[in-house]
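Chemist: Okay, here's the structure, questions in a sec.
The values are calculated or read from the model by the stated rules, or taken from the named source; none is laboratory data. None of these values were measured; they are calculated from a predicted model. Counting neighbours? That spans all protein chains shown, and the Cβs are built from the backbone with ideal geometry, glycine included.
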Amino acid sequence: MQNIQQLAIIGATASGKTSFGVKVAKYIDAHILSLDSLSIYKDIDIVSAKPTIEERDGVKHFGIDVIYPDENFDVTLFIKLYHEVYQHCLDDKKNLVIVGGTGFYLKMLIKGISELPSISHKTKKIVATHLLDLNKAYRWLCDVDATYMKNIESKDAYRIEKALNIYIETSLTPTVYFDTYPPIATIKDPLPIYQIVWEREMLRKRISLRTELMLKDGLIDEVCMLEEKYGRSPNSMKSIGIKETLAYLDGIYDKNMLIEKITTNTARLAKRQTTFNNSQFDSVVKGDIEMLEEKLLKGVSQNTPLINTH
């Protein structure tokens with residue numbers, strides 16, 4: 001087995017991707033790569049709606065419990081993770097189902113990212129010195145490359161450090177560097193993409209129900225643990241479900257308001273996810289779970305390639 005069959009299942013949060021992905025993976029004898037920006041973190045279990053061992057139903061999942069909440073994660077690391085998972089699939093003679101709501105990562109797999117330069121020890125020392133005054137480093141980068149820095153916030157130490165590494169190591173501004181070294185696609189062959197679609201009000205009801213279940217399952221206790229263990233500064237602690245619960249613990253919300261805030265903010269996230277998916281991916285097969293299941297399993301039963309059809 002020199003290559004594997006791959007497909008992606010996308011959709012808004014709470015659309016039923018997890019259980020559907022497991023079912024498809026079992027039918028096509030596949031591993032699953034989670035496409036979720038929260039499930040990647042250890043300890044963030046309830047907030048992320050991370051599938052339990054029982055829900056995984058014997059299907060091996062990757063991209064879950066990879067790093068700690070106070071560690072940085074970006075698309076570069078996700079691409080690296082994808083390559084590792086692909087090799088696992090080859091070794092295990094398994095296909096691959098990519099499942100999740102973080103469509104940006106999927107887009108980068110298809111569109112590609114630029115390879116970053118190797119950073120010398122000398123450059124790392126210089127960059128560390130610049131980072132002692134983050135505001136000054138940010139202003140300096142804005143002066144040398146306003147185009148690139150316009151999408152980076154002044155307190156985003158991780159991305160500022162990456163920009164400094166590129167500039168100091170190569171003597172090229174990040175904009176010039178990425179023009180010189182354009183993105184290389186990771187998945188070069190056409191990737192079948194299946195998008196779960198729900199009517200907006202029905203999806204909001206599912207989000208509301210899931211929010212209430214999260215509270216019953218111990219959401220508040222989990223956030224208390226996360227705050228005690230990691231503090232409030234990591235980016236992961238600003239995620240939907242965590243930031244509202246921290247406000248509740250601060251006495252800003254009562255429990256009813258907590259549920260309403262999480263539900264509303266999650267519904268807004270679902271809308272953004274749907275807008276992104278609709279605008280960024282071509283030739284996507286869209287429908288409810290029943291329709292997509294029939295289409296996918298029919299292809300499997302007929303032993304035909306899982307390609308997009310119109």
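Chemist: Give the residues of the stretch 158-173 that are closer than 15 Å to residue 139 by Cα and in contact with a helix residue (DSSP H, G or I) (Cβ under 7 Å, 6 or more places away or on another chain), sorted by residue number.
Modeler: The answer is 160, 161, 163, 164, 167, 173.
Chemist: Out of the residues in the stretch 1-37 that are out of contact with any Pro (no Cβ under 7 Å at 6 or more places or on another chain) and β-branched (Val, Ile, Thr), state the one that is farthest from residue 54 (Cα to Cα).
Modeler: Taking the candidates together, the pick is 4.
Chemist: Could I ask something else about it? In the list 132, 164, which residue meets the criterion of being more than 26 Å from the chain's Cα centre (by Cα) and not assigned by TED's automatic domain parsing to the domain that holds residue 75? Don't jump to the end; show me each part of the working.
Modeler: Numbers: 164 fails: more than 26 Å from the chain's Cα centre (by Cα).
From the options 132, 164, the qualifying one is 132.
Chemist: Taking residue 187, is it of a type in the set (Val, Ile, Thr) and within 20 Å of the chain's Cα centre (by Cα)?
Modeler: Working: of a type in the set (Val, Ile, Thr): yes; within 20 Å of the chain's Cα centre (by Cα): yes.
Here the answer is yes, as residue 187 does meet what is asked.
Chemist: Scan the stretch 67-81 and tell me whether some residue there is touching a residue at least 24 places away in the same chain (Cβ under 8 Å), outside any helix (DSSP H, G or I) and more than 30 Å from residue 159 (Cα to Cα).
Modeler: Within the stretch 67-81, not a single residue is touching a residue at least 24 places away in the same chain (Cβ under 8 Å), outside any helix (DSSP H, G or I) and more than 30 Å from residue 159 (Cα to Cα).
Chemist: Which of (1) on the phi > 0 side of the Ramachandran plot; (2) touching a Phe, Trp or Tyr at 6+ places or on another chain (Cβ under 8 Å) is the odd one out, the single condition residue 231 does not satisfy?
Modeler: Tallying (1) on the phi > 0 side of the Ramachandran plot; (2) touching a Phe, Trp or Tyr at 6+ places or on another chain (Cβ under 8 Å), residue 231 fails exactly one: (2).
Chemist: Let me ask something else. Where residues in the stretch 78-92 are surrounded by 15 or more Cβ atoms within 10 Å (Cβ to Cβ) and under 17 Å from the mean Cα position of the chain (by Cα), which of them is nearest to residue 30 (Cα to Cα)?
Modeler: So the residue we want is 85.
Chemist: Return only the number of the condition from (1) at pLDDT 95 or above; (2) β-branched (Val, Ile, Thr); (3) within 27 Å of residue 220 (Cα to Cα) that residue 52 does not satisfy.
Modeler: Among (1) at pLDDT 95 or above; (2) β-branched (Val, Ile, Thr); (3) within 27 Å of residue 220 (Cα to Cα), the lone unmet condition for residue 52 is (1).
Chemist: Out of the helices (runs of 4 or more DSSP H) lying entirely within the stretch 93-165, which hold 3 or more residues that are in contact (Cβ under 8 Å) with a residue 12 or more places away in the chain and surrounded by 19 or more Cβ atoms within 10 Å (Cβ to Cβ)? Break it down stepwise before answering.
Modeler: On the way: elements: 103-111, 121-130, 134-144, 146-149.
Correct list: 103-111, 134-144.
Chemist: Further, regarding this structure: Filtering the stretch 1-42 down to residues that are assigned to a helix (DSSP H, G or I) and within 15 Å of the chain's Cα centre (by Cα), which residue is nearest to residue 276 (Cα to Cα)?
Modeler: Residues of the stretch 1-42 assigned to a helix (DSSP H, G or I): 17-28.
Adding the requirement that they be within 15 Å of the chain's Cα centre (by Cα) leaves 17-18.
Values: 17: 17, 18: 20 Å.
Looking at the filtered set, the residue picked out is 17.
Chemist: Something else about it: Do the conditions hold for residue 239, that is, is it in the same structural domain as residue 33 (by TED's automatic domain parsing), of a type in the set (S, T, N, Q) and either closer than 26 Å to residue 71 by Cβ or without any contact (Cβ under 8 Å) to a residue 24 or more places away in the chain (or both)?
Modeler: yes
Chemist: Just checking, does the stretch 250-266 include any residue being more than 19 Å from residue 38 (Cα to Cα), in the same structural domain as residue 104 (by TED's automatic domain parsing), free of Cβ contacts under 8 Å to residues at least 40 places away in the same chain and within 20 Å of the chain's Cα centre (by Cα)?
Modeler: no
Chemist: Any idea which of 67, 9 is touching a strand residue (DSSP E or B) at 6+ places or on another chain (Cβ under 7 Å), under 27 Å from residue 211 (Cβ atoms), at pLDDT 95 or above and surrounded by fewer than 19 Cβ atoms within 10 Å (Cβ to Cβ)? If you could, list the steps in order and put the result at the bottom.
Modeler: On the way: 9 fails: surrounded by fewer than 19 Cβ atoms within 10 Å (Cβ to Cβ).
Unique residue meeting the criteria: 67.
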